[in-house]
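Have a look at the structure below before the remarks.
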Amino acid sequence: MSISVINKDRLTTNSAKGFAILAVIIIHLLTIATQQQFSTFPQNLVLISIDQVMRFCVPVFIFISGFGLSLSYQKKEFGTKSFIKKRSLKTLPLYFLWSAYYIVLSIFIKPWWNVLNSSSVFQLILNGRADYHLYFVPIILKLYLIFILLKKLPQKLFKPLLALAILTQLAFYSYFTIKLSLVSDQIQYANILTWLGYFMLGMWLASKKKFLSKKTSIFLIILGLLLSIFEAMQVANINNDTIQAMRFTKLPIFIYSIGIIGFFLTTSSKLIKNKYITWLGINSYLIYLAHPLIIHLFKFDLSLVPVTPTILSFIVLIFLSIFIQKKC
């Protein structure tokens, strides 16, 4: 396949999701490292570099959402009711189930932060705050609603709106950099405008035959990654705040992520189409919802945790989730 032709098959889409979910897991595994390890050279350079390499994950997930949705409706009629029903059944049952599970764990496991101290159950689920990674699901649901609105707009308005979304996203990233210590990463991630440019870019590219060449993509990957690692080290050393230093909402990460997206869309190698990576992509939603529990347990004093009931309940929830997925 020519590198100027975007590879639109489902296998490549699932491969991108497979790599993205692996990156998510690695980012979360890095939270096991101590603050001292993130503060001591050269350990901090290694840890921060690994983290920054993996930061393509959420941009790619959001891009693929817009890309995949647009592809799926190129050859069939779009119906609002059927779209809402299908997306709701694929997303909400597992989201409600795992949100409730994490809330219950926060009550019965002492080292867990009690999320009910800050918000009601309704607010926790509405805002994706039952656990730290769940902000992503409300964002995706909002993007689904935006997809409906964009499908109803005249096609000629899409490109100006795409340009506006990307400019707004970049403006937000610049603002978050200037107000580094004032805007928490969770607040940054919860704002739909933080991600909309990636989503609309995916929608737009689904109907295009060309994007970036492989050489241009690799250049953007290298440039964005080097700038991001340098910026992260600077922030971590000056402010001693590794969370803000390594966040998704940075201009270098935007450059890096666009390069990664271009690379996936112009590559048809065996690595990209590896069956194990594809399997991860197909099951990425359940993996995303479930994996933090194991990581939490690694960070807790297990003498304070009812380990056997927790593991058994986790296994039961995995099987229940698989059953629900098959039914939905």
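The values are calculated or read from the model by the stated rules, or taken from the named source; none is laboratory data. Here the structure is a predicted model, which is why all the values come from computation and not from measurement. Positions of Cβ are backbone-derived with ideal geometry, glycine not excepted, and every protein chain shown enters the neighbour counts. To get the accessible areas, we keep the full protein, side chains included, count just its heavy atoms, and leave off ligands, DNA and RNA. Shrake-Rupley method; radii C 1.70, N 1.55, O 1.52, S 1.80 Å.
With point charges of +1 on the Cβ of Lys and Arg and -1 on the Cβ of Asp and Glu, referenced to the Cα centre of the chain, which listed residue (L126, S82, I295) lies farthest in the positive direction of the dipole?
S82
Could you pull out the longest piece of the chain with no exposed loop trypsin sites (Lys or Arg not before Pro) in it, calling a site exposed if DSSP puts it outside H, G, I, E, B and it has at most 14 other Cβ atoms within 10 Å? Walk me through the numbers before you get to the answer.
On the way: sites that count: K75, K76, K179, K208, K209, K210, K270.
My reading of the result: 77-178 is the longest stretch.
Evaluate E = 1/(1 + (r/R0)^6) for Q186 and K75, where r is the Cβ-Cβ distance and R0 equals 35 Å; express this FRET efficiency to the nearest 0.05.
Values: r = 39 Å, r/R0 = 1.11.
Efficiency for this residue pair is about 0.35.
By a straight-distance test (C-alpha under 15 Å), which aspartates and glutamates pair with K275 as possible cross-link partners, with residues fewer than eight away in the same chain excluded?
Partners within reach: D9.
Please report, as a whole percent, how much of the solvent-accessible surface of the chain comes from carbon and sulfur atoms (probe radius 1.4 Å).
On the way: 11260 of 16320 Å².
Looking at the chain in its full context, I get 69 percent from C and S.
Would you mind listing how long segment 201-324 runs along its three principal axes, going by Cα atoms, in whole Å with the largest first?
Principal axes ranked by extent give 52, 44, 25 Å for the Cα atoms.
Tell me what the chain gives for mean residue ellipticity at 222 nm when only DSSP H runs of n ≥ 4 count, each as -39,500 (n - 2.57), the sum divided by the residue total, rounded to 500 deg cm²/dmol. Intermediate values should be presented prior to the final figure.
Numbers: 17 runs with 231 residues, N = 328.
Value at 222 nm, helices only: -22500 deg cm²/dmol.
Once you put a point 7 Å from the Cα of K85 and another 7 Å from the Cα of W113, both along the Cβ direction, what distance in nm separates them?
Between K85 and W113, the label points sit 4.0 nm apart.
Let me spell out the model: positive unit charges on the Cβ of Lys and Arg, negative unit charges on the Cβ of Asp and Glu, origin at the Cα centre of the chain. What dipole size does that give, in debye rounded to 20? All intermediate terms of the calculation are to be shown ahead of the outcome.
On the way: 32 positive and 8 negative charges, 357 e Å.
So the dipole magnitude of the chain works out to roughly 1720 debye.
Give me the one-decimal nm value for the distance between modelled label points at C328 and K273, 7 Å along each residue's Cα-to-Cβ direction.
3.1
Return the equivalent ellipsoid semi-axes of the chain as a descending list in whole Å, where each equals the square root of 5 times an eigenvalue of the C-alpha gyration tensor.
Working: eigenvalues 187, 135, 77 Å².
In descending order, the three semi-axes are 31, 26, 20 Å.
Please work out the FRET efficiency for the pair N240 and Y175, using the Cβ-Cβ distance as r and a Förster radius of 25 Å; give the result to the nearest 0.05.
Numbers: r = 22 Å, r/R0 = 0.88.
It comes to 0.70.
Pull out the extension gain between L312 and L126, defined as 0.36 nm times the separation in residues minus the alpha carbon to alpha carbon distance; nm, one decimal. Each step should come with its number before you reach the end.
Working: separation 186, 0.36 × 186 = 66.96 nm, distance 2.75 nm.
Full-extension gain reported as 64.2 nm.
With unit charges on the beta carbons (Lys and Arg positive, Asp and Glu negative) and the dipole taken about the Cα centre of segment 43-187, which residue among Y101, I140, S70 sits farthest to the positive side?
Positive-most Cα among the choices belongs to S70.
Calculate the all-directions average of the projected area of segment 1-140's alpha-carbon convex hull, and give it in nm².
Numbers: hull surface 48.1 nm².
It is 12.0 nm².
Quick one: if you stick a label point 7 Å off each Cα along the C-beta vector at A163 and S303, how many nm between them?
6.4
By Kyte-Doolittle mean hydropathy of at least 1.6 and Cα axial length of at least 27 Å, which whole DSSP H helices of the chain are selected?
Helices meeting the criterion: 307-327.
For the chain, set up a Gaussian network in which alpha carbons nearer than 10 Å are linked by springs, and say which option among S15, S99, S119 fluctuates the most.
S119
How large is the accessible surface per residue of the chain, computed with a 1.4 Å probe and reported in Å² as a whole number?
On the way: 16320 Å² over 328 residues.
It amounts to 50 Å² per residue over the chain.
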